[in-house]
Amino acid sequence: MMQLPMIALRGLTVFPEMYIHFDIGRHKSVRALEEALRGEQSVFLVAQKDMRSNDPGIGDVHRIGTISVLRQIIRLPGDNVRVLVEGRQRAVLRAVLEEDPFCVAEVEPLAEPKRTSLKLEALIREVKNTFEDYSALMPRLSPEVIINVQAAEKAGYLADYITQHIPVKPPEKQSVLEAVHPAKRLERLYAILSHEVEILSIESDLHDRLRDRLVKNQKDYYLREQLKAIKSELGDGGEDEAEAYEAKIDELKLPEETAEKLKKEAGRLSRQPSESHEAALIRTYLDTCLSLPWNTASKDRLDIEAARKILDKDHYGLDKIKQRILEYLAVKRLAPQLKGQILCLVGPPGVGKTSVALSMARAMGRKLSRLSLGGVRDEADIRGHRKTYIGAMPGRIISAVRQAGSKNALILLDEVDKLGADSRGDPSAALLEVLDPEQNASFRDHYLEIPFDLSDILFITTANTTSTIPRPLLDRMEVLELSSYTDEEKMQIAKSHLIPKQMEKHGISKSMLAISAGGLRELIAGYTREAGVRVLEREIAAVCRKTAMRYASGGDAPQRMSGEEHDKQQKLVSLSHKVIITGKNLHDFLGIRKYRPERPLGQPEVGLVCGLAWTPFGGEVLEVEAGVSEGSGKIELTGNMGDIMKESAKAAFTCIRSLCGAWGIDKDFHKNRDIHIHCPEGAIPKDGPSAGITMTVAMLSALTERPVRRDTAMTGEITLRGRVLPIGGLKEKAMAAFRAGIHTVIIPAENERHLEDIDPAVRGALTFVLADSIETVLKETIV
């Protein structure tokens, strides 16, 4: 047993009878070195198992190391030491006696067997032959090492020498060091050398192939450079341009089919004269394709509460629409792989369909592109033109994606219900692929002729009605209906959004203008008649302009004003110099009232009934008049009625004939009486079956000369047997009745389930009577 200072080596193994130098930097190792210098200059060198360990203990080093003698020490800057050692003998580590300030190890030297045998001689030859193969494949090996290997005769020395001088992994070197018997040592070395020869052979083959390829590439490069020089002299630089396009194509990492197509076009460009018309067309095509956001996508902002705040800030009401948008964000948060949805916002003009889409894009953090489809009649507007045509360009869908610059943008297709069709094709049919989540992942524009993925795009369409949208197209969209605004909702929208917006737009502060609640109600009731708020915003803008005129003129009337206008202008100047709009002075700003109060007559009248009609702009109260005179049983229908409404009047006439006995009507009235049904405002076309019960009540009132309640309105289809059938547009019709001051609304019994869709304020103000037969209607209306 021997006690020696121990130095743990990182990535290094020392063999007996070998000289090696290395640097020491760790404080413990330097102290162990100094201790060895004070003694017999012997030290125990052992390799670490993990090179990353900075303070190795007995469990962090291998059991077999080498007793070595110090031959040279050089002090380096930074407290480092370079040392030259000579390995003397293998030794096994038995214990670490001390660890501070340096390691002292108890080691047991290992004696090497001296016996020789034929097997050992055979191993020596095999190792030398394999080493020759290795040295032939390893050009960095020193010639001196090769000579020493060939001159070596002792098996142990040969194995240690070769292992010390070849670049193999530390664990492999350690395995040779731990083999005490020379034969075992040579076997391990032979396995290592054979493995290295195989690897080096493969590397050599790869190197030869690469060299041949480089030689070919250099030759091709040289020829290309010559060709470029020739083309440069001729003024044709198409090759450089084509290479630039190919580099852009490779940089985008496009799908194989797309990249192949574009590179083919770039190759065509290189063969075209640079100033030719065909070259210009190819450049335009490549620029268009490469400008698309193939791999560019914006990160979705899926914060539900933040999105809710944005939607509430931008819009008042619209709770169902907001809820559907937040549901989409919630699902997208849980399932990021969810593809884009197709939503269709349907409602009257001015109710906020377009602005909802804009707010949705802002809430999600997506880029927005808007395109209007109103009046589009050419299919090529959607799918693009073939690039063989002069002036060809991509369709509106691809152009919108390129404008947005994101493959997951929000695209707003405005006025989808106003698409047309003619001899150039049907654009609504072209939209079938665009708005189909199962197909739009490989949408092919006629101009591009390559597939583009639209599946991540969120499509929002808007429409005033679904009746003009083709059924296959409507089937691909989720329809969300936006109803007309009540006067109370218009009040809130005006206060929160319209008035601040217009005041800021016209440079008016709160200290300059105030609109009272009464003034705003008068503005809504007397100067607007709409489902939305566009006209209301224009009237508010007119008030702001009048106020701006007042302040711009300093309160003094301009010289060009007449005396009457001067007096009116002076009325606007209050003592506080602040314009306050009330219901009494609103006409000074906007002129006379545009709409009279829509209130039903107080007293019941014979043959005059209030009906309810639906229009694309909201609901309307429709008055129906009926008159009876001596005649031959003719029915006169006036007021610009459509065919369906005329047929409904005839059905009502037949239904009344079955009620003669119950209501005391002459059974021969259809022979000796003429009935005239008229709907006022004859310039406006009217159609549909929902006025059936209205005309029935009007005719029966005229025949019996019994008046009809004026605070009751009705809607429903009539049959020959007096059944009342369901109708559509109940929400809008109820809104119209509410605005007109109606108290009771008679609706078909089957429409009861639609009452939940009506605004709570409207539902609370009206009394709904459910009728399944005409008897119920007559009981509620005839006085």
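The values are calculated or read from the model by the stated rules, or taken from the named source; none is laboratory data. Predicted model, so just to flag it, every value in this text is computed and none were measured. Glycine also receives a Cβ, built like all others from the backbone with ideal geometry; neighbour counts cover every protein chain displayed. Heads up: the accessible areas ignore ligands, DNA and RNA and are worked out on the full protein's heavy atoms, side chains in. Shrake-Rupley method; radii C 1.70, N 1.55, O 1.52, S 1.80 Å.
Taking the stretch 643-710, which trypsin sites (Lys or Arg not before Pro) meet the DSSP loop condition and have no more than 14 other C-beta atoms within 10 Å? Kindly include the intermediate steps, with their values, before the conclusion.
Numbers: sites: Lys646, Lys650, Arg657, Lys667, Lys671, Arg673, Lys686, Arg709, Arg710; in loops: Lys667, Arg709, Arg710.
Listed in order of number, the matching sites are Lys667.
Which order do the peptides 97-103, 723-729, 498-504 take when ranked by the mean count of other beta-carbon atoms within 10 Å per residue, highest first?
On the way: 97-103: 14.7, 723-729: 19.4, 498-504: 17.6.
Ranked by mean Cβ neighbours within 10 Å, highest first: 723-729, 498-504, 97-103.
Out of all DSSP beta bridges in the chain, what portion is antiparallel? Express it as a percent rounded to 5.
Numbers: 56 of 96 bridges.
Bridges in the chain that DSSP calls antiparallel: roughly 60 percent.
So, with +1 on the Cβ of K and R and -1 on the Cβ of D and E, and no other charges, what is the size of the charge dipole of the stretch 429-532 about its Cα centre, to the nearest 20 debye?
Numbers: 10 positive and 16 negative charges, 169 e Å.
For the stretch 429-532, the charge dipole is close to 820 debye.
Calculated FRET efficiency, Ala429 and Asn129, Cβ-Cβ r, R0 51 Å, to nearest 0.05? Numbers along the way, then the final one.
Details: r = 79 Å, r/R0 = 1.56.
According to the calculation, E is roughly 0.05.
With only Lys, Arg, Asp and Glu charged, each at its Cβ (+1 for the first two, -1 for the last two), find how big the charge dipole of the chain is about the Cα centre; round to the nearest 20 debye.
For this selection, approximately 1500 debye.
What pairs from Lys264/Lys418; Lys490/Lys779; Lys261/Lys353; Lys219/Lys248; Lys219/Lys263; Lys646/Lys733 go past 29 Å between their alpha carbons?
Working: Lys264/Lys418 40 Å; Lys490/Lys779 36 Å; Lys261/Lys353 40 Å; Lys219/Lys248 25 Å; Lys219/Lys263 23 Å; Lys646/Lys733 21 Å.
Violating the 29 Å Cα-Cα cut-off are Lys264/Lys418; Lys490/Lys779; Lys261/Lys353.
Only Cα pairs under 8 Å and at least 6 apart count here; give the relative contact order of the chain as a rounded whole percent. Don't skip to the answer; put the middle values down first.
On the way: 1380 pairs, mean separation 56.1, N = 783.
Answer for the chain is 7 percent.
Based on the alpha-carbon gyration tensor of the stretch 417-515 and its eigenvalue square roots a ≥ b ≥ c, which shape applies: rounded if a/c is under 1.5, prolate if not and a/b is larger than b/c, or oblate? Let's see the in-between values first.
Numbers: a/c = 2.97, a/b = 2.28, b/c = 1.30.
Cα axes put the stretch 417-515 in the prolate bin.
Tell me, what is the 1.4 Å probe accessible area of Thr296, in Å² to the nearest 10?
Roughly 70 Å² of Thr296 is accessible to a 1.4 Å probe.
What accessible area per residue comes out for the chain, rounded to a whole number of Å², with a 1.4 Å probe?
Values: 39930 Å² over 783 residues.
Averaged over the residues of the chain, the accessible area is 51 Å².
Which order do peptides 344-354, 421-431, 386-396 fall in by mean Cβ count within 10 Å, highest first?
Working: 344-354: 23.4, 421-431: 17.3, 386-396: 15.3.
The most tightly packed comes first, giving 344-354, 421-431, 386-396.
What FRET efficiency do you get for Glu17 and Met51 if R0 is 22 Å and r is their Cβ-Cβ distance, rounded to the nearest 0.05?
Using R0 = 22 Å, I get an efficiency of 0.30.
So for the chain, taking the charge dipole from beta-carbon charges (+1 Lys/Arg, -1 Asp/Glu), which of Val621, Ala330, Asn129 sits furthest toward the positive end?
Of the candidates, Val621 comes out farthest on the positive side.
Treating each Cα of the stretch 137-212 as an identical point scatterer and ignoring solvent, apply the Debye formula and state log10 I(q)/I(0) at q = 0.11, 0.25, 0.26 Å⁻¹.
The Debye formula, applied to the Cα set alone, gives -0.32, -1.20, -1.26.
Sum -39500 (n - 2.57) across every DSSP H segment of at least 4 residues in the chain, then divide by the residue count to get the 222 nm mean residue ellipticity, nearest 500.
On the way: 29 runs with 339 residues, N = 783.
Calculated from helices alone, the mean residue ellipticity at 222 nm is -13500 deg cm²/dmol.
Can you run phi through the Karplus equation (6.51, -1.76, 1.60; θ = phi - 60°) for the stretch 767-776 and list ³J(HN,Hα) in whole Hz, with x for Gly and Pro?
9, 9, 10, 8, 10, 10, 8, 5, 4, 5
Please report the net charge: other residues with Cβ closer than 13 Å to the Cβ of Asn80, K and R +1, D and E -1. Show your work: numbers first, answer last.
On the way: positive: Arg26, Arg75, Arg82; negative: Asp23, Asp79.
Neighbour charge sum, excluding Asn80 itself: +1.
What is the stretch 314-393 by shape, rounded, prolate or oblate, if you read a ≥ b ≥ c off the alpha carbon gyration tensor as root eigenvalues and call it rounded for a/c under 1.5, prolate for a/b larger than b/c, and oblate otherwise?
Numbers: a/c = 2.92, a/b = 1.65, b/c = 1.77.
Because a/c hits 1.5 or more and a/b fails to exceed b/c, the stretch 314-393 counts as oblate.
Only one of the listed values, (1) 152, 68, 60; (2) 145, 72, 67; (3) 83, 75, 49, was derived from the coordinates as Cα extents along the principal axes in Å; which label is it?
(2)
Sort 333-340, 32-39, 399-406 by packing, meaning the average of other beta carbons within 10 Å per residue, with the highest value first.
Values: 333-340: 11.9, 32-39: 16.2, 399-406: 18.4.
For the peptides 333-340, 32-39, 399-406, the packing ranking is 399-406, 32-39, 333-340.
Where the accessible area of the stretch 409-548 is counted over protein heavy atoms with a 1.4 Å probe, how much of it, in %, is carbon and sulfur? Don't jump to the answer; show the numbers that get you there.
Details: 2610 of 5470 Å².
In the stretch 409-548, the share of accessible area belonging to carbon and sulfur is 48 percent.
Can you tell me the 0 to 90 degree angle between the C-alpha axis of helix 319-334 and the longest principal axis of the chain, rounded to 10?
Result, in degrees: 10.
Measuring from label point to label point, each 7 Å out along Cα→Cβ, what is the Lys320 to Lys299 span in nm?
Modelled inter-label distance: 3.6 nm.
Using bins 10 angstrom wide from zero, how does P(r) for the stretch 242-357 break down, in % of all Cα pairs?
Bin by bin from 0 Å, the calculated values are 11, 28, 18, 17, 19, 8, 0.
Taking +1 at the Cβ of each Lys and Arg and -1 at the Cβ of each Asp and Glu, which of Ala266, Ile782, Gly350 sits farthest along the dipole of the chain towards its positive end, judged by Cα position relative to the Cα centre?
My answer, from the dipole projection, is Ile782.
Students often get this wrong: which residues of the stretch 717-742 have the backbone nitrogen under 16 Å from the point 7 angstrom along Cα-to-C-beta of Lys671?
Correct set: none at all.
With the full set of protein chains in place, find how many percent of the accessible area of the stretch 162-221 is carbon and sulfur; take the probe as 1.4 Å.
Values: 2090 of 3690 Å².
It is 57 percent, rounded to a whole number.
Roughly speaking, to the nearest percent, how much of the stretch 575-720's 1.4 Å accessible area is carbon and sulfur? Display every interim value, and only then the final one.
Details: 3860 of 7330 Å².
Carbon with sulfur: 53 percent of the solvent-accessible area.
Which FRET efficiency, nearest 0.05, do Glu99 and His207 yield, Cβ-Cβ r, R0 60 Å? Walk me through the numbers before you get to the answer.
Values: r = 49 Å, r/R0 = 0.81.
Using R0 = 60 Å, I get an efficiency of 0.80.
Under the Karplus relation 6.51 cos²θ - 1.76 cosθ + 1.60, θ = phi - 60°, what is the ordered set of whole-Hz ³J(HN,Hα) values for the stretch 665-680, x standing for Gly and Pro?
These are the phi-based 3J(HN,Hα) values: 9, 4, 5, 9, 5, 6, 10, 10, 10, 9, 10, 10, 10, 9, 10, x Hz.
Taking Cα centroids, how far is the stretch 352-370 from the stretch 670-687 in Å?
47 Å
With θ taken as phi - 60° and the coefficients 6.51, -1.76 and 1.60, list the Karplus ³J(HN,Hα) couplings across the stretch 293-309 in order, rounded to whole Hz; mark glycine and proline as x.
Calculated HN-Hα couplings, in order: x, 4, 10, 9, 9, 7, 7, 5, 9, 10, 7, 5, 5, 5, 5, 4, 5 Hz.
Which of the residue pairs Lys49/Lys169; Lys510/Lys578; Lys367/Lys387 have a Cα-Cα distance greater than 19 Å in the structure shown?
Numbers: Lys49/Lys169 12 Å; Lys510/Lys578 9 Å; Lys367/Lys387 28 Å.
Listed pairs above 19 Å: Lys367/Lys387.
Taking the stretch 373-473, which GluC sites (Glu not before Pro) meet the DSSP loop condition and have no more than 16 other C-beta atoms within 10 Å?
Numbers: sites: Glu379, Glu415, Glu433, Glu438, Glu449; in loops: Glu379, Glu415, Glu438, Glu449.
Taking the stretch 373-473 and a limit of 16 other Cβ atoms within 10 Å, the loop GluC sites (Glu not before Pro) found are Glu438, Glu449.
Checking the a/c ratio against 1.5 first, then a/b against b/c, what shape does the Cα gyration tensor give for the stretch 620-720?
prolate
Which value, in debye to the nearest 20, gives the size of the charge dipole of the stretch 646-704 about its Cα centre, when Lys and Arg are +1 and Asp and Glu are -1 at the Cβ?
160 debye
Could you name the aspartates and glutamates in cross-link range of Lys154, using Cα to Cα under 15 Å and dropping any fewer than eight places away on the same chain?
Glu17, Glu112, Glu121, Glu126, Glu187
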